[in-house]
Each structure stands twice: as C-alpha cells, then as structure tokens.
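Heads up: the structure comes next, in structure tokens.
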Amino acid sequence: MTGATAVKTREADVPAVRVTRSRRSVLWASVVAVIVIAVLAYAPYVVYASTTSILVNFFILLILASMWNLLAGYAGLVSVGQQAFFGLGSYFVLIFALRGVNPFFGMPIAAVACGLAGLVTWWLVSRLRSGYFAIATWVIASVCYLIIIRYPSLGGGTGMLTPNMPNFSARYLDALVYWVTLGVAVIALGGIYLLLRSRLGLVLTAVRDDETGARSVGARVTRARLLVFVIAAVGCGAAGALEVLAQPYVQPAPAFAVQWTAEMIFAVLIGGIGTIEGPIIGTIVFFALQQWLSAHGTWYFIILGLVAIGIAIWAPRGIWGVVSDRLKLFPVGYWLWPRGGGSGSALSVLRWPGRSRASGG
C-alpha cells in the first residue's frame with residue numbers, strides 16, 4: 001500500500017461531523033421565551049399595581065445579577081462594588097432631570113455615562129486580582145458615595161425628589177415603568193446571550209474554564225475583561241436609573257448600599273454562576289423567599305443564609321448546575337456529532353485557534 005493510499009484510507013475512516021449549538025433543538029425554548037415575555041408585557045392589564053411593583057424590583061435584580069454573573073462567572077472579576085454604578089446611574093438621572101431632561105429619556109444617557117465611569121474605574125483596578133480587586137471596587141463605591149453627599153444641589157446626605165417626571169396618571173405611569181424595566185431586562189439577557197455566542201464569548205468561556213490556557217493560545221484576555229467590565233457598568237447603571245423611575249426620591253445611602261451587590265451575588269450563586277440561566281433561577285428563588293419570609297423578621301435573613309450554605313455544600317454549581325448538563329435554554333457552546341450517530345455519541349467542544357477542549361456529552 002502506497003503512502004497516498006494509506007492517507008486516503010485513514011481519511012475515509014474518519015466520520016464526517018456536523019456542528020450544532022445544542023444537543024437538542026432549542027426551538028421550543030425560543031417559543032416559550034416569546035410567550036413568557038408576551039404574558040409579562042400584558043400583566044399590567046390584569047394585575048394590581050402592587051404586583052407590577054414587585055415585578056419591577058424582580059427585573060432590576062435580574063439585570064444586576066446577570067451583569068455580576070458576566071463579570072465573575074465568565075471574566076473572573078469578582079467585584080463587591082457594583083453598587084457604585086447602580087448609585088451613579090440613579091444620580092445621573094437626577095442630574096439630567098435637574099437640567100430639564102425627562103427621566104425616561106435620561107435613563108439611557110445615564111447608562112452610557114456609567115459606562116464611561118466604568119472605563120475610568122477599570123484604569124484604576126485593572127492591575128489588581130482576586131481579593132485586592134474586590135476590595136478596591138468596594139472602596140471606589142464608598143468614594144462615590146462620599147463625593148455625592150458633599151453636593152447640596154443633589155440633596156446632600158438626605159437626597160431629593162427627581163423632577164420632570166411625566167405628568168401621567170399613577171396607573172399609566174406604573175405600567176410605563178414596568179414596560180421599560182421589562183424591556184431593559186430582555187435587552188440585557190438577549191445581549192449577554194448574543195455576546196457569549198460571539199468570538200468574544202468564546203474567549204470569555206475559555207477564561208472561565210482556564211485563564212492560563214486562554215492566554216497561552218493568544219486570547220486577548222485583558223481586552224475581553226475591559227469590555228465586560230464596561231458592559232457590566234452600563235447594565236448596573238441602567239438598573240440604578242430604573243430604580244429612580246420606580247422610586248423617584250433619590251437618597252445616597254440606599255443608592256450606594258452594598259446590599260445591592262450582596263443580593264446580586266446571592267442570586268448568582270444560588271442559581272448557578274457561569275450560566276445565563278443561573279441568575280434567572282437565583283432571582284426567582286430570592287424573590288420567592290423574600291415574599292414568603294419577609295414578615296418573619298430576622299428569620300428571613302437566617303433562612304436566606306441557610307439556603308446559601310446548603311447550596312454551597314450540596315450543589316456548588318448552583319440549582320441550574322444540577323440540570324445544565326442535560327438541558328440548555330441558552331446554548332452558547334458547540335456540539336460535534338458524527339453524521340448518522342445517535343444522541344449519545346456527541347462531544348461538547350469549545351474550539352478556538354490553536355486549542356480545543358472536549359468532553360463527553
């Protein structure tokens with residue numbers, strides 16, 4: 001057998017493969033998502049304002065949790081100072097409103113301004129890692145708070161009411177705030193999904209799995225982290241701006257409270273870090289516990305802590321991590337299938353120049 005014949009024989013023995021984003025069709029998941037969004041959009045017509053108010057808070061926390069998950073779960077940036085951008089988002093809306101800008105139009109401007117603040121913050125903390133990075137972000141959040149309270153024109157330490165709110169009826173204004181918040185939450189989740197399906201998403205997934213390996217094959221980890229940090233600043237700033245639309249009285253202490261970061265971390269760790277679905281599940285669990293247990297005083301915090309400890313011990317990948325190997329609502333990886341092979345013969349592969357990572361599916 002000649003060398004050329006042997007090569008042709010070996011090539012013939014290698015089965016052709018097809019590449020898919022998921023082990024199963026996700027068409028049903030897309031249909032369910034559209035139905036859920038449509039039902040949520042119709043909610044103000046069939047529920048009381050108190051219910052839509054709870055849902056507004058739910059969407060705000062979902063945005064925050066998704067942004068923190070993008071930071072820590074994919075870029076490896078564990079920040080405990082994201083309340084800085086939340087508070088700045090609230091105060092940027094107030095500043096623009098004092099200059100005659102409708103707060104609803106000021107909201108996207110405030111989010112962009114928080115992105116610029118994120119660039120400055122990144123310049124300060126980009127060389128730090130692990131605990132040093134986390135503490136530095138907390139310090140920056142505290143500095144932002146101390147700067148804000150020094151300006152009497154912004155209400156000082158007591159805050160002030162946001163002017164130029166639309167002169168609508170209370171019911172219509174509540175519904176408008178609800179729809180805007182729902183829209184921002186959908187944009188945030190959809191944007192993260194598209195981001196993780198892009199080339200940048202491959203870099204982030206590689207960083208999540210093995211930062212050293214990602215750097216060794218030439219991935220631009222620092223640039224990817226910069227982009228993620230700015231995106232998270234924009235998202236958290238948008239959440240802070242939405243909080244002003246829901247609660248027009250802006251106060252520095254609540255706006256820059258570390259409680260916001262604590263809640264988003266809780267939601268991510270409970271649901272499952274490093275997945276798009278995790279923050280959604282975690283936010284649902286958090287609000288379910290809040291609604292059921294908030295009337296029980298300190299027991300509410302005790303039970304929250306016990307739930308967090310239990311998840312950390314028995315399900316360290318979070319609730320979604322228990323089922324994520326078999327179910328993907330937001331598939332962002334790749335699956336290789338031998339043509340004509342069964343579902344049990346798939347390989348889950350993350351591929352990018354110079355390296356591939358495969359595991360049995």
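Read-outs throughout are calculated quantities, based only on the coordinates presented, and are distinct from any laboratory measurement. Note that the structure is predicted; figures quoted are calculated from it, not measured.
Of note:
- Scattering from segment 155-294 was approximated by placing one identical point on each alpha carbon and applying the Debye formula without solvent; log10 I(q)/I(0) at 0.11, 0.15, 0.19 1/Å stands at -0.56, -0.95, -1.28.
- If you model segment 107-149 as an ellipsoid using its alpha carbon gyration tensor, with each semi-axis the square root of five times an eigenvalue, the axes come out at 20, 14, 7 Å, biggest first.
- Calculated Rg and Dmax of segment 46-329 using C-alpha coordinates, Å: 18.7, 59
- Long-range amide H partners of N102 with built H, under 5 Å: none
- Rg/Rh for segment 49-191 stands at 0.99; both radii use Cα atoms, and Rh follows the Kirkwood definition.
- Gyration tensor (Cα) of segment 221-292, equivalent ellipsoid semi-axes in angstrom: 22, 20, 10
- L77 long-range amide H proximity, modeled H, under 5 Å: A72
- Under Karplus coefficients 6.51, -1.76 and 1.60, residue-wise ³J(HN,Hα) of segment 216-228 in Hz, glycine/proline x: 5, 9, x, 5, 7, 5, 4, 5, 4, 5, 4, 4, 5
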